[in-house]
Structure formats: structure tokens, C-alpha cells
Amino acid sequence: MNRKLLIGAGNVLLSLQAASAIRIKDIAYVHGVRGQQLIGYGLVVGLNGTGDTQRSTFTLQSVSSMLKRFGITVPQSDLRLRNVAAVMVTATVPGFAKEGGTADVVVSSMGDGTSLQGGTLLLTPLSGIDGTVYAMAQGPLSVGGISVRAHGNEVRRNHTATGRIPGGAILERAIRSSFTQDSTVAVVLMEADFTTATRIAEAINVKIGERIAIPDDASRISIRVPQAFMADGRLVEFVSLVELLEVTPDVTAKVIINERTGTIVVGGAVSILPAAISHGGLNIEIESTPVISQPSPFSQGQTVSTQLTAVYAGEDSATVMAFDGAATVQDVAKTLNALKVTPRDIIAIFQALKRSGALNAELVII
């Protein structure tokens, strides 16, 4: 059975088809396999007068300390820099990464510099939460924007205080991960669901031919590795076998609404009980016309200005559309398109359907 998805953008509602069977690796991950988030403090040089000013004292202190390492002593008070910016450098290294591997880094300005465009990050150590240095980052920045300022005028596109260095971090030590414990591997669902967890356990047991997978709760499934795989050192092969199994996840009926952007996403499990929708609007127009009263000549009167206000009210002809019982997503899309409603109106309609009890789904407003 196919799962359908309804997406609202502008006045368009699209019905999409999605495959019913999904690989386990697409909806779950192996417990213990995790990356490492790294952070460091560094300097970006080579800026065209868009770096930190004298107010960023930590930048001056960092430059002074760096120069001392090269045998150059310059008093901090004598530094006049606009081509240097202090930055925070962050990176996410995937699990099982080895020495010599690379990772992308994100460089973000800390001071009052206006742009990092054209800058180069100096060698920066990146450490984890335990304080251990795992990587070193360095290289020219790629800034996805422009910032030009001249004679008090400025043209800016996107954010220029943040840049990236693709492959800018080189790992100095491996990221260790352990995904087995007492001959047991655990699979964790990204979206907890009792039914999906049960289906994953059943799919694994059917594939292996014995009951080795047991759902611990709505998100975790414990899998006992068969002795044949453990004895021959085929643990990675077994995990790959589990990841490639296909299951049909159970989808919760939800309607996701983003009121800020007017986006509506309706899951395929959504249904609507018998209901009728009326869409119409009241138009009110207020028109003001200035009226000037001019006194007669030599009457010593004063010119008086007033406003003549007229109010017009009219109501659009409302159209009533009826839903039969257990309407599908296509029925909802067809009906709402027939009403020619805007995203804001669609949001109001779904909220009213939920309050009336006709919408069999969870209404999530973000």
C-alpha cells in the first residue's frame, strides 16, 4: 500500500507517492555509532579592511600572543589591525573517522568585523568535549555572499560573517566508536514508534530464521549477534545485513502547519469524517474624500477642510463543499483547490476541522 503526502505551497496542493518499504538504515541508526563535534578558537587574516576594530581587545591579544611564538614582541597598544578577525571554528567528524581524514569546518566571526570574504584561517586546533585535540584546521574561506561598502553606502548579499572551508580540518587522532556489547547490537529508531519497532524485530527474525531481535521499547531494538557471525569476525557484515532489510514503518496521522510561512504538510494517514466547509469573506472598503469650504470674498471667513467618509461593505458568495466519510488526502486536496483558498485560509480550515472532531490527525503548529 502506497503512502501519500500532501504539501501546501502558495495555492498549490501536491499529492506525492512514497515507497511503502524503507530500509532500516534510513529510519534508524546503530547504537554507539556517533560522530564528534569539535570546536576551536582562531584568527582569520588577509581581510580587506573588514576585520575587527580596536574595540575587539581579544583579537589584539590573540595577535600579540601569536607574534610572540614567532619571536616578535609588539605591545598590544601599538597594534592597529583591520585585516584580522577572531573567529570560532566548528566541525562535525563522523564516527570511525581515522587519522589523516578530513572534515569540513565552519568559521564564524566573534568580534565586530563586517566580512570574512577573502580571508585565510590560520592553523587552529579543534578539540572535543573532553578537551582532547582531534583535528587541526587551516585554509582559505569560502563565503557565500558579498559585502561592499563605500562612502556610507553598503550592498550586502547573504551572511558574510560566516564562511566554510571544505576539507579544512585534518584529523590527528581517530574517532573511536563501540557498537557491540556482550555480543549484542542495538538499533535505535529516529522516530520512536512501538509498531515500527515491532516490525523491525520481526523482519530481522524472519531473515535470520531465529528470534534474535527483541524490541526493548518504542525506539530501541536489541539484536543478539548469531554465533556464526561472531566466530568468523563477520560482525560488520551482520550489521550491513540488518541495515539493508526493508520494513514498512507505521506513520502517525499528522498535519504540520507553519503559520509564519503558510506551509501545510498533511501525512498520508490523515482522514476526515463527514463534514462541510464554507469559504467566504466580508469585504469592507472605507473611502475618504477631502471637502474644502471656501468663504465668500471680503467676508473675513476662514477656509475649512473636512473629510467626507463613505463605508462600503460586501460579502463574497460562499461555496459549501462537503466531504464524504473517511476522505483521503486526494479528496482534501481536490476540495481545497476547488475553494481556491489561500494558505492562511487552509490553516484556519484545518484548525476548525480539528475543533469540530472531523479531522482524524494530530494538528501540529510550528
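The values are calculated or read from the model by the stated rules, or taken from the named source; none is laboratory data. Please read all numbers here as calculations on a predicted model, not as lab measurements. Glycine gets a Cβ as well: all are built from the backbone with ideal geometry, and neighbour counts include every protein chain shown.
The requirement of being within 26 Å of the chain's Cα centre (by Cα), assigned to a loop (DSSP other than H, G, I, E, B) and not aliphatic (A, V, I, L, M) is fulfilled somewhere in the stretch 176-196, by at least one residue.
Might you let me know whether the stretch 87-103 holds any residue that is among the hydroxyl-bearing types (Ser, Thr, Tyr), under 27 Å from the mean Cα position of the chain (by Cα) and farther than 30 Å from VAL225 by Cβ?
From the stretch 87-103, those among the hydroxyl-bearing types (Ser, Thr, Tyr) are 90, 92, 102; that's our starting set.
Then drop every residue that is not under 27 Å from the mean Cα position of the chain (by Cα), which leaves 90, 92, 102.
After this cut, where a residue has to be farther than 30 Å from VAL225 by Cβ as well, the list is 90, 102.
Yes, because at least one residue in the stretch 87-103 is among the hydroxyl-bearing types (Ser, Thr, Tyr), under 27 Å from the mean Cα position of the chain (by Cα) and farther than 30 Å from VAL225 by Cβ.
Note on the stretch 224-251: residues that are surrounded by fewer than 15 Cβ atoms within 10 Å (Cβ to Cβ) and not in a helix (DSSP H, G or I) amount to 5.
Can you find, within the stretch 42-66, the residue that is surrounded by the fewest Cβ atoms within 10 Å (Cβ to Cβ) among those that are of a type in the set (S, T, N, Q) and part of a loop (DSSP other than H, G, I, E, B)?
Narrowing the stretch 42-66 to residues of a type in the set (S, T, N, Q): 48, 50, 53-54, 56-57, 59, 61-62, 64-65.
Checking which are part of a loop (DSSP other than H, G, I, E, B) leaves us with 48, 50, 53-54, 56.
Numbers: ASN48: 11, THR50: 20, THR53: 14, GLN54: 13, SER56: 20.
The qualifying residue surrounded by the fewest Cβ atoms within 10 Å (Cβ to Cβ) is ASN48.
VAL185 falls short on exactly one of the conditions (1) surrounded by 21 or more Cβ atoms within 10 Å (Cβ to Cβ); (2) modelled with pLDDT of 90 or more; (3) within 30 Å of MET88 (Cβ to Cβ), and that condition is (3).
Within the stretch 61-74, is there a residue that is closer than 26 Å to THR196 by Cβ and at pLDDT 90 or above? Before you say what the answer is, go through the steps one by one.
Kept after step one, since they are closer than 26 Å to THR196 by Cβ, are these residues of the stretch 61-74: none.
Among the residues of the stretch 61-74, not one is closer than 26 Å to THR196 by Cβ and at pLDDT 90 or above, which makes the answer no.
Scanning the stretch 88-121 for residues that are assigned to a strand (DSSP E or B) and out of contact with any Gly (no Cβ under 6 Å at 6 or more places or on another chain) yields MET88, THR90, ALA91, ALA103, ASP104, VAL106, SER108, SER109.
Of the residues ASP78, ASP130, which is acidic (Asp, Glu) and within 30 Å of SER177 (Cα to Cα)? Show your work before the answer.
Details: ASP78 fails: within 30 Å of SER177 (Cα to Cα).
Matching residue, one of ASP78, ASP130: ASP130.
Of all residues in the stretch 103-112, at least one satisfies being touching a residue at least 24 places away in the same chain (Cβ under 8 Å) and in contact with a helix residue (DSSP H, G or I) (Cβ under 7 Å, 6 or more places away or on another chain).
Here ALA269 passes the criteria (1) loosely packed, with under 15 Cβ neighbours inside 10 Å; (2) closer than 20 Å to ALA192 by Cβ; (3) touching a residue at least 40 places away in the same chain (Cβ under 8 Å) except the one numbered (1). Answer yes or no: is there a residue in the stretch 198-215 that is β-branched (Val, Ile, Thr), over 21 Å from ARG34 (Cα atoms) and part of a loop (DSSP other than H, G, I, E, B). The answer is yes; a qualifying residue exists. Scanning the stretch 132-168 for residues that are among the polar types (S, T, N, Q), in a strand (DSSP E or B) and modelled with pLDDT of 85 or more turns up GLN138, SER142, THR162.
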